1. Pick out the long, greasy-scoring helices in the chain: whole DSSP H runs spanning 18 Å or more along their own axis by Cα, mean Kyte-Doolittle at least -0.5.
2. Rounded if a/c is under 1.5, else prolate if a/b beats b/c, else oblate: with a ≥ b ≥ c from the C-alpha gyration tensor eigenvalues square-rooted, which is the range 42-102?
3. Before rounding to the nearest 500, sum -39500 (n - 2.57) across all DSSP H runs of length at least 4 in the chain and divide by the residue total; then give [θ] at 222 nm in deg cm²/dmol.
4. For Ser47, list long-range residues whose amide hydrogen, built 1.01 Å from N in the peptide plane, is under 5 Å from its own amide hydrogen.
5. What is the Cα radius of gyration of the chain over 2.2 N^0.38 Å, N being its residue count?
6. Cut-off under 15 Å on the C-alpha distance; same-chain residues fewer than 8 positions from Lys80 excluded. Which aspartates and glutamates are left, in chain and number order?
7. I want to check the label-to-label distance for Arg41 and Lys74. Put each point 7 Å from Cα in the C-beta direction and report it in nm to one decimal.
8. Is there a pair in Lys8/Lys84; Lys23/Lys69; Lys23/Lys100; Lys81/Lys112; Lys8/Lys100; Lys23/Lys112 whose C-alpha atoms are over 26 Å apart, and which pairs would that be?
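No value in this document is a laboratory result; all are computed from the given coordinates. For clarity, every value in this text was computed on a predicted model and none was experimentally measured. Counting neighbours? That spans all protein chains shown, and the Cβs are built from the backbone with ideal geometry, glycine included.
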Amino acid sequence: ESLSYINKAINLRPNLWYLYGTKETSLIFLGRYNEAVDTCRFVIDTSPRWYLQREYYHYYNIAAAYARKNDISKALLNIKKAVKVGGIEVRRSLNKDEDKDFLNLLDNQEFKRICQSRPKNHKTKKIK
C-alpha cells in the first residue's frame, strides 16, 4: 500500500528525486529486485548531474538488489560505483552490522577490500 502512495507522490512531483530512493528501498524490501534496479537506473539516467554527484544511494540500492538476488559480481560492481560517489559514507553503511542487504557478501574478499579501502584523496594524519 505504501508503494501506491509513493507512486502518487512521484506522479505529482516527478522532479523530487529523493522520492525515487524511497521507492527503490520499498521495492527491495518487497523482493521486487528487478523493478528496484530499473527505478535506480531511471534516476541515474534522467536526474540532473548535480543531484547524482551527491546521491550515491541509487548505486547502493542497485548493489543491494543484486546482493539479495545473489548476483555477486553485479553487486560488487555497483558497490564500487556507490563508493566512488559517496566515499567514506558508503563504507560506513557497508560496515554496519544491521545492513542485512549484504549478508551474503560478508566473507567475500573483494567486498572486504572495498569496505576497508581508503579514498584516493585520503591523507592519514601523523600523531605526535
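1. On the way: long enough: 33-46 (20 Å, -0.09); 72-86 (20 Å, 0.55).
Answer set is 33-46, 72-86.
2. Values: a/c = 2.22, a/b = 1.38, b/c = 1.61.
Oblate, since a/c reaches 1.5 and b/c is not below a/b.
3. Details: 8 runs with 84 residues, N = 128.
When only DSSP H runs of four or more count, the value is -19500 deg cm²/dmol.
4. Residues meeting the criterion, in which the H sits 1.01 Å from N, do not exist here.
5. Values: Rg = 15.7 Å, N = 128, 2.2 N^0.38 = 13.9 Å.
Ratio of Rg to 2.2 N^0.38 Å for the chain: 1.13.
6. Glu55, Asp71, Glu89, Glu110
7. Once both label points are built, they end up 0.8 nm from each other.
8. Working: Lys8/Lys84 32 Å; Lys23/Lys69 18 Å; Lys23/Lys100 18 Å; Lys81/Lys112 15 Å; Lys8/Lys100 28 Å; Lys23/Lys112 28 Å.
Where the Cα-Cα span goes over 26 Å, the pairs concerned are Lys8/Lys84; Lys8/Lys100; Lys23/Lys112.
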